[in-house]
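Trainee: Structure in structure tokens, see below.
Values quoted throughout were computed directly from the atomic coordinates according to the rules given, and no laboratory measurement underlies them. As the structure is a computational prediction, the values presented were derived from the model and not from experiment. Here the Cβ positions follow ideal geometry from the backbone for every residue, glycine too, while neighbour counts run over all protein chains shown.
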Amino acid sequence: MTVTQISVMVENAPGKAVDIFGALARAKVNVTAVSVVDTADQGVVRLLVSDVAKAKAVLKKKGLAFSTAPVLAVAIPNRPGSLAKLLTPLARKKINVEYLYGSTCACSADSCGCDEEGCANIIILRVKDAQSAAKVLKAARYKLIKP
């Protein structure tokens, strides 16, 4: 199961991030995961949101350049070594992780993988072949979620 990530290209200047997040908030779109990568002049804001269609409409109305991509969201325990353990089966199958970032869970055992030992972390993975990576992770007993 993949989820849709939105990548927004934005000028690296004061107030630009609040402009994006404020517009999404006014449209009642919840940001469930975020990563911001910058260069001197431009940044890439990667988002998972509660309503992709509405978020795209908001960004389009603001005249912002954006793209979408399938990514995997995986629940892992909040313990030392969990990320290395998650990446091991992918590495063994020669699946390259292009990038990853983390998010917190919504603390709903049905949706994110929290258990009696504590909350899960959510890792968002971008790989070339998300379907193959999903099969590998499911075989390794990881829970793919929709944050």
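Trainee: Over the chain, with a Gaussian network built from C-alpha contacts below 10 Å, which listed residue (Thr88, Thr104, Thr32) shows the highest mean-square fluctuation?
Mentor: Top of the fluctuation ranking is Thr88.
Trainee: Could you give the length gained by full extension between Asp41 and Lys60, i.e. 0.36 nm per residue of separation minus their alpha carbon distance, to one decimal place? Let's see the in-between values first.
Mentor: On the way: separation 19, 0.36 × 19 = 6.84 nm, distance 2.10 nm.
Contour length minus the Cα-Cα distance gives 4.7 nm.
Trainee: Based on the Cβ-Cβ distance from Thr88 to Ser7, what FRET efficiency comes out when R0 is 22 Å, to the nearest 0.05?
Mentor: Numbers: r = 27 Å, r/R0 = 1.23.
Taking R0 as 22 Å, the efficiency between Thr88 and Ser7 is 0.20.
Trainee: Let me know the shape class of the chain, please: from the alpha-carbon gyration tensor, a ≥ b ≥ c as square roots of the eigenvalues, rounded when a/c is under 1.5, otherwise prolate if a/b is greater than b/c, or oblate.
Mentor: Values: a/c = 2.04, a/b = 1.63, b/c = 1.25.
Since a/c reaches 1.5 and a/b is larger than b/c, the shape of the chain is classed as prolate.
Trainee: Something else: Exceeding 26 Å between C-alpha atoms, which entries from my cross-link table qualify? They are Lys54/Lys93; Lys16/Lys135; Lys54/Lys146; Lys56/Lys146; Lys60/Lys143; Lys28/Lys85. Walk me through the intermediate numbers first.
Mentor: Working: Lys54/Lys93 36 Å; Lys16/Lys135 38 Å; Lys54/Lys146 17 Å; Lys56/Lys146 18 Å; Lys60/Lys143 33 Å; Lys28/Lys85 36 Å.
Listed pairs above 26 Å: Lys54/Lys93; Lys16/Lys135; Lys60/Lys143; Lys28/Lys85.
Trainee: Counting only residues 5 or more places away or on other chains, whose amide H sits under 5 Å from the amide H of Asp51 once H atoms are built in the peptide plane?
Mentor: Asn30
Trainee: Here's something else I'd like to know. With viscosity set to 0.692 mPa s and temperature to 37 °C, compute the Stokes-Einstein D of region 1-86, Rh being the Kirkwood radius across alpha carbon pairs; µm²/s, no decimals. Walk me through the numbers on the way to the answer.
Mentor: On the way: Rh = 14.0 Å.
Translational diffusion coefficient: 235 µm²/s.
Trainee: Within region 1-103, report the trypsin sites (Lys or Arg not before Pro) that DSSP leaves as loop and that have at most 15 other Cβ atoms within 10 Å.
Mentor: Lys28, Lys62, Lys93, Lys94
Trainee: Of the candidates Gly22, Gly81, Gly43, which one comes out as most mobile in a Gaussian network treatment of the chain with C-alpha springs shorter than 10 Å?
Mentor: Most flexible of the set in this elastic network: Gly81.
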